[in-house]
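Just below is one structure, and these are the notes that go with it.
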Amino acid sequence: MHDQDRDNILFCVSSDLREIVFIIQSQSNTFHVRQAERQKADLLKQAHSLVEVSLEPGLGSMTFFSYNYSFGKNSSWIVFLEEETDVKMNTLAGVLATFDRNKEWFLGKHLHDEDSTIIHHYAFAENPSIFKYPDFSAGWALSIPLVVRLGNKVKQEPLKSDFTIDLKHEVALYIWDNGKGPNLTAVPELCTEPKDSPQALLCATTLSNHPTQCGKPVNKDDIFVAVKTCKKFHTERVPVIKKTWEKEALYLEYYSDYADPSIPTINLGVPNTERGHCGKTFAILQRFLSSAVPDTKWLVIVDDDTLINLPRLRALLGCYDPSEPVCLGERYGYGLSQGGYSYITGGGGMVFSREAVLQLLDSGCKCYSNDAPDDMVLGMCLNALNLPVTHSPLFHQARPEDYSKDFLAHQVPISFHKHWNIDPVAVFNKWLKEDFRSNASDGLNKRTKTEL
């Protein structure tokens, strides 16, 4: 449950001898720091009008429950917030006051799976909907007795999970502890409704209406798209890309083990492998910096079964500075509790600024074999360089049906992955197609999607 690429802003609010500790979960990136600071300022403005506020230094890189929780000795609750979570502090304090602070509580907005899913390791396969986990966007809270017990548990029993895929599900599993700990208690006042929605009147938390402080969407000629494919998928997967999102890419090349002029594909001289594709990916990175392709600010690497909305991606990239080493996508983790690393999972799309590619290749980072897992090797290299992996929940490694409906309901997604057991064109048309005549940034920001 450790997340080395998260920076966290922490402060305490005290009222009637009860204290709420807020932790804003942010990321090591100029845009995300700005978002978190905006949120902190809003909370402090509310707090100063209500109660005494004490500030604590940020936790920086953090392991859930295993930090020094001396700040919580006189506290009742720790409330975790995402950057896009708006809080009505008075309402939230009133909601928390209805729970006995001396007992163990795990509070949040329920999510559940309708079918067993790979992103949750097919947990509860016989009845997936029975297990509830929190929607982080609505905020979630732990009572201090539970925090203290979990902190002691982590010290005595180090975390053992190798892969971190969906933190909110894994946190809930760890707290539940095969029935030894509490289940998630649904709190209807923790909401993901837009702040100005009529449905949000009774909510203690909502999704922010504050416009993301971004520039205009980046231009089409700022992005170079690289599609990884192979000969056996030239007639099966490549036509899907051509029917759906290819037309939105000004610069795009297909990289294969076979040069097919009808597509066209480019043979990079790297043999196809059944898995990993590290050799091909690093050849793409090198080609991106060469004179063989246009000089662009951003590189997007996708699989041939990735479905993506490029106008939405262009709007998102308007939030980031390409002169910084930005590595963006859906973030997974490997061995994080044992000093491991985060990485961008490849299927949802990996986005790199030119500066990030330059630093990666200048470092001497390379594959240990052509079939090594490219996304994980890149994660190891970024970790060695101390470059952050920036997460966006708008990228998806799996299919829409692999995610909770309520989780997707407050998103305008950028990508999905896999054609398995679906009609990929129909999935694209339902989730990723839009009126390309409309402003892409309006499409991304509608329904207050600032969870970038």
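The values are calculated or read from the model by the stated rules, or taken from the named source; none is laboratory data. Computed from a prediction, not measured in an experiment: that's the story for all the values here. Note that each Cβ is placed from the backbone with ideal geometry, even for glycine, and that neighbours are counted across all protein chains shown. When the accessible area is computed, the model is the full protein with side chains, heavy atoms only, and any ligands, DNA or RNA have been set aside. Shrake-Rupley method; radii C 1.70, N 1.55, O 1.52, S 1.80 Å.
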Computed Rg/Rh for the range 159-224 (Cα atoms; Rh = Kirkwood radius) stands at 1.18
Of the cross-linked pairs 103/132; 232/280; 40/195; 195/297; 109/405, which ones have a Cα-Cα span greater than 23 Å in the structure shown? 195/297
Tabulate in residue order the Karplus-calculated ³J(HN,Hα) for the range 255-266, using 6.51 cos²θ - 1.76 cosθ + 1.60 with θ = phi - 60°, rounded to whole Hz; enter x for Gly and Pro. 10, 9, 8, 8, 7, 10, x, 6, 8, x, 10, 10
At 0.36 nm per residue, minus the direct Cα-Cα distance, what do residue 286 and residue 156 gain on full extension? Give it in nm, one decimal, please. 42.2 nm
Å³ per residue enclosed by the Cα convex hull of the range 351-401: 100
Determine, from the Cβ-Cβ distance of residue 122 and residue 98 and an R0 of 41 Å, the FRET efficiency 1/(1 + (r/R0)^6), rounded to the nearest 0.05. 0.70
Ignoring ligands, DNA and RNA, what percent of the accessible area of the chain is carbon or sulfur (1.4 Å)? 50
With a 1.4 Å probe and all protein chains left in place, how much accessible area per residue does the range 335-402 have, in Å²? 33
The range 328-369 and the range 88-108: distance between their alpha carbon centers, rounded to Å: 39
Two decimals is fine: what is log10 I(q)/I(0) at q = 0.12 Å⁻¹ for the range 64-181, from a Debye sum with one equal scatterer on every Cα and no solvent? -0.48
From Cα coordinates alone, what are the radius of gyration and Dmax values for the range 349-433 in angstrom? 16.1, 43
Any idea how far the Cα center of the range 229-307 sits from the one of the range 153-225, in Å? 33
Taking only protein heavy atoms into account and a 1.4 Å probe, give the accessible area per residue of the range 147-229 in Å². 49
The size of the Cβ-based charge dipole (Lys, Arg +1; Asp, Glu -1) of the chain about the Cα centre, to the nearest 20 debye, is 220
Please list 74-84, 232-242 highest first by mean number of surrounding beta-carbon atoms within 10 Å per residue. 74-84, 232-242
Please state, as a whole number in µm²/s, the translational diffusion coefficient that the Stokes-Einstein equation yields for the range 77-143 at 10 °C and 1.306 mPa s, with Rh defined as the Kirkwood radius across alpha carbon pairs. 117
Calculate how many DSSP beta bridges within the chain are antiparallel, expressed in % of all such bridges and rounded to the nearest 5. 60
Viscosity 0.692 mPa s, temperature 37 °C: Stokes-Einstein D of the range 262-356 from its Kirkwood Cα radius, in µm² per second? 218
Answer label, with Cα Rg over 2.2 N^0.38 Å calculated from the coordinates and candidates (i) 1.59; (ii) 0.99; (iii) 1.14: (ii)
HN-Hα couplings for the range 395-408 via Karplus (6.51, -1.76, 1.60; θ = phi - 60°), in whole Hz with x for Gly/Pro, come out as 8, 9, 6, 10, 7, x, 5, 8, 10, 4, 4, 5, 5, 6
I'd like to know which of 143, 89, 261 lies farthest towards the positive end of the charge dipole of the chain, counting +1 on Cβ of Lys and Arg and -1 on Cβ of Asp and Glu. 89
Using 0.36 nm per residue of separation minus the Cα-Cα distance, give me the extension gain between residue 246 and residue 180 in nm, one decimal. 18.7 nm
Beta carbons within 10 angstrom, averaged per residue: use that to sort the peptides 374-381, 243-250, 41-48, 194-201, highest first. 374-381, 243-250, 41-48, 194-201
Among 28-35, 363-370, how do they line up from the highest to the lowest mean number of other beta-carbon atoms within 10 Å? 28-35, 363-370
Evaluated at q = 0.08, 0.19, 0.21 Å⁻¹: base-10 log I(q)/I(0), Debye formula over Cα of the range 161-317: -0.42, -1.12, -1.28
